[in-house]
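Just below is one structure, and these are the notes that go with it.
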Amino acid sequence: MKIQSIRGMNDIGESEIHLWHFVENKIRKLSEAYNFFEVRTPVLESTQLFKRSVGDTSDIVEKEMYTFTDRNGESLSLRPEGTASVARAVIEHNWAFETPGLKMYYLAPMFRHERPQKGRYRQFHQFGTELLGVEAPHADVEVIALAHALFQDLGIHGIELQISSVGCETCRPNYKKLLQDKLAPHKEKLCEDCQRRFDTNPMRVLDCKVKSCKEIAVELPGIVDHLCATCVTHFNGVRDGLIALQIPFRVNPKIVRGLDYYVRTAFEFINNDETLGAQSTVCGGGRYDRLIEQLGGKPTPAVGFGMGLERLTLLLETRKQELIPKVDLYCVVADEAARTRLQQVCFKLRSAGLRVEMDLQPKSMKSQLKRANKLQARYSLILGSQELEKQMALLKDMSQETQIEVPMDTIEKEILMRF
Ligand code: HAM
């Protein structure tokens, strides 16, 4: 039996990797411009960490984690998201205490046992940011601005920013009660999941994908009209901040994030065309002011987002071809006597930073030049025993279709001059 990759876990090969590098480079550059630094945490964490942060009743913890018992009998899980791990690390190393306004980002694989489809995988990659220690709405605006700027930078248009507030421990219980009152007469029409969550998390009905729940959800009140004064002030601050930066947004009072740690601001960047199939959310985030404390740290307000790299690259598919790097020089071995000398040329020019290619086993001139064309080489350098005798090589400009003779003893200089 052939061994194959695990369902929902993808290989990223030559045809895609250049697009990934393009996206990752933009992310790193922009994160640096916002003065976020990269944090790397382990892929495996104690299962308890996710139960206590993402939440026991969330889909992620209930149904989607890759959990196993290791050789010491400890329950471990592959991380389904990055916020919990960052929070754990911050507490463990006292980072937030040392730097108020701590700004971190990660580019890392996450694991969720979901039903795979376009834009939804079991191993996927997130660009995430976490900003800790600042309660002011300017922190929310800072992370939202970073996500917005990335879409601009990548040339991805037509993404809508939707924001909401999910309230706090003061106002949310009242809203929850209101929802339960409104939902009670329809309880038996709710899907199994929503019926089960009626007591613990009735807000999940608002973003349930089941038709009967959707019909009920349309009639439900949104939380933004039921916020306490502090949450209203905060939400207005976020809106004003976004307006000041001219970042367009729409208030969608029905945003319900699938993770339990959120308070106040919740936001999503949504792609509305067909490119992502049913998976239209490219980026999701919000505030989690209580999480650090819940995990045993000092009270530390925080806000962040996660962005799916597979979804980002799907949106950039049409650019795949143009992002394949072109070869600077292709060395053509006209006959075997010249191979070693050409490999020396390659060695030197590569150290000087040029992208240089050469076949490593005998091939006809025709097939070598064909490959040089395929790799869109700017120049090819042809060397055989005739040229070796004269100590002159042929340098061919592939786009101009012109060629000149260049002396072998200054060949590297001659080529470097052209770049
Ligand atoms: P999330 O909404 O669960 O939030 O995930 C964030 C993003 O990760 C989604 O918008 C999507 O682009 C991508 N994503 C999620 N699941 C999959 C999947 N199965 N396949 C492909 N892409 C996926 C979080 O994870 C929070 N930790 C975000 C956050 C950071 N909030 C505050 N700080």
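For the range 235-266, which residues satisfy the criterion of being of a type in the set (A, V, I, L, M), crowded, with 20+ Cβ neighbours inside 10 Å and part of a helix (DSSP H, G or I)?
Across the range 235-266, the qualifying residues are V238, L242.
Okay, residues lined up against (1) outside any helix (DSSP H, G or I); (2) more than 26 Å from the chain's Cα centre (by Cα); (3) under 30 Å from E317 (Cα atoms):
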position	(1), (2), (3)
T129	yes, no, yes
D153	no, no, yes
L161	yes, no, yes
D181	no, yes, no
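Residue by residue through the range 140-167, note down the ones that are surrounded by fewer than 20 Cβ atoms within 10 Å (Cβ to Cβ), among the polar types (S, T, N, Q) and in contact (Cβ under 8 Å) with a residue 12 or more places away in the chain.
Result: Q162, single match.
Would the range 83-98 turn up any residue that is under 30 Å from Q321 (Cα atoms), buried (at least 19 other Cβ atoms within 10 Å of the Cβ) and touching a Leu at 6+ places or on another chain (Cβ under 7 Å)?
Checked the range 83-98: no residue is under 30 Å from Q321 (Cα atoms), buried (at least 19 other Cβ atoms within 10 Å of the Cβ) and touching a Leu at 6+ places or on another chain (Cβ under 7 Å).
Just checking, how many residues over the range 62-110 are within 13 Å of the ligand (Cβ to nearest atom) and β-branched (V, I, T)?
Residues flagged as within 13 Å of the ligand (Cβ to nearest atom) and β-branched (V, I, T) within the range 62-110 amount to 3.
Could you grab me the full set of residues in the range 172-219 that are within 25 Å of Q279 (Cα to Cα), at pLDDT 90 or above and in contact with a Ser or Thr (Cβ under 8 Å, 6 or more places away or on another chain)?
L190, C191
Considering Q343, Q361, which residue is of a type outside the set (V, I, T), more than 14 Å from the ligand (Cβ to nearest atom), out of contact with any Cys (no Cβ under 6 Å at 6 or more places or on another chain) and part of a helix (DSSP H, G or I)?
Q343
Mind counting the residues in the range 281-322 that are away from the ligand (no atom under 13 Å from the Cβ) and in a helix (DSSP H, G or I)?
Number satisfying all stated conditions: 7.
Please enumerate the residues belonging to the range 59-89 that are part of a loop (DSSP other than H, G, I, E, B) and either within 20 Å of A108 (Cβ to Cβ) or modelled with pLDDT under 95 (or both).
Answer for the range 59-89, where residues must be part of a loop (DSSP other than H, G, I, E, B) and either within 20 Å of A108 (Cβ to Cβ) or modelled with pLDDT under 95 (or both): M65, Y66, R79, P80, E81, G82.
Need pairs with beta-carbon distance below 6 Å; first residue under 18 Å from Y121 (Cβ atoms) and within 11 Å of the ligand (Cβ to nearest atom) and within the range 255-280, second hydrophobic (A, V, I, L, M, F, W, C) and assigned to a strand (DSSP E or B); sequence gap 6+ or separate chains.
N271/I159; N271/V282; S280/I270
Can you report the number of residues in the range 111-136 which are near the ligand (Cβ under 8 Å from one of its atoms), closer than 26 Å to V263 by Cα and among the aromatic types (F, W, Y)?
1
If you go through the range 38-48 one residue at a time, do you hit one that is more than 15 Å from the ligand (Cβ to nearest atom), part of a loop (DSSP other than H, G, I, E, B), at positive phi and not polar (S, T, N, Q)?
Checked the range 38-48: no residue is more than 15 Å from the ligand (Cβ to nearest atom), part of a loop (DSSP other than H, G, I, E, B), at positive phi and not polar (S, T, N, Q).
The conditions are (1) modelled with pLDDT under 95; (2) closer than 20 Å to R290 by Cα; (3) part of a loop (DSSP other than H, G, I, E, B), and F97 fails exactly one of them. Which is it?
(3)
Yes/no per residue for (1) polar (S, T, N, Q); (2) closer than 30 Å to V141 by Cβ:
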site: R196; (1), (2): no, no
site: D199; (1), (2): no, no
site: V210; (1), (2): no, no
site: E215; (1), (2): no, no
site: L220; (1), (2): no, yes
site: L227; (1), (2): no, yes
site: T230; (1), (2): yes, yes
site: F235; (1), (2): no, yes
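In the range 370-405, which residues are in contact with a Leu (Cβ under 7 Å, 6 or more places away or on another chain) and surrounded by fewer than 17 Cβ atoms within 10 Å (Cβ to Cβ)?
Q403, I404, E405
Could you list, ordered by first residue, the pairs with Cβ atoms under 8 Å in which the first is in the range 383-395 and farther than 18 Å from D359 by Cα and the second is in a helix (DSSP H, G or I) and hydrophobic (A, V, I, L, M, F, W, C), at least 6 apart or interchain?
E387/A338; E387/M408; L388/A337; L388/A338; L388/M408; Q391/M408; M392/M408
Consider only pairs whose beta carbons are under 7 Å apart and that are at least six residues apart or on different chains; among these, list those whose first residue lies in the range 56-79 and is small (G, A, S) and whose second residue is modelled with pLDDT under 95.
As it stands, the answer is S58/G258; S58/L259; S58/D260, since those pairs meet every condition given.
So if I check each of G297, G285, G241, G306, which one is more than 30 Å from S15 (Cα to Cα), under 21 Å from the mean Cα position of the chain (by Cα) and modelled with pLDDT of 95 or more? Walk me through how you get there before you give the answer.
Values: G297 fails: under 21 Å from the mean Cα position of the chain (by Cα); G241 fails: under 21 Å from the mean Cα position of the chain (by Cα); G306 fails: more than 30 Å from S15 (Cα to Cα).
Going through G297, G285, G241, G306 in turn, the sole match is G285.
If you go through the range 26-36 one residue at a time, do you hit one that is in a loop (DSSP other than H, G, I, E, B), more than 16 Å from the ligand (Cβ to nearest atom), over 26 Å from L315 (Cα atoms) and free of Cβ contacts under 8 Å to residues at least 12 places away in the same chain?
no
The values are calculated or read from the model by the stated rules, or taken from the named source; none is laboratory data. Owing to the predicted nature of the structure, the values given are computational and were not obtained by experimental measurement. Positions of Cβ are backbone-derived with ideal geometry, glycine not excepted, and every protein chain shown enters the neighbour counts.
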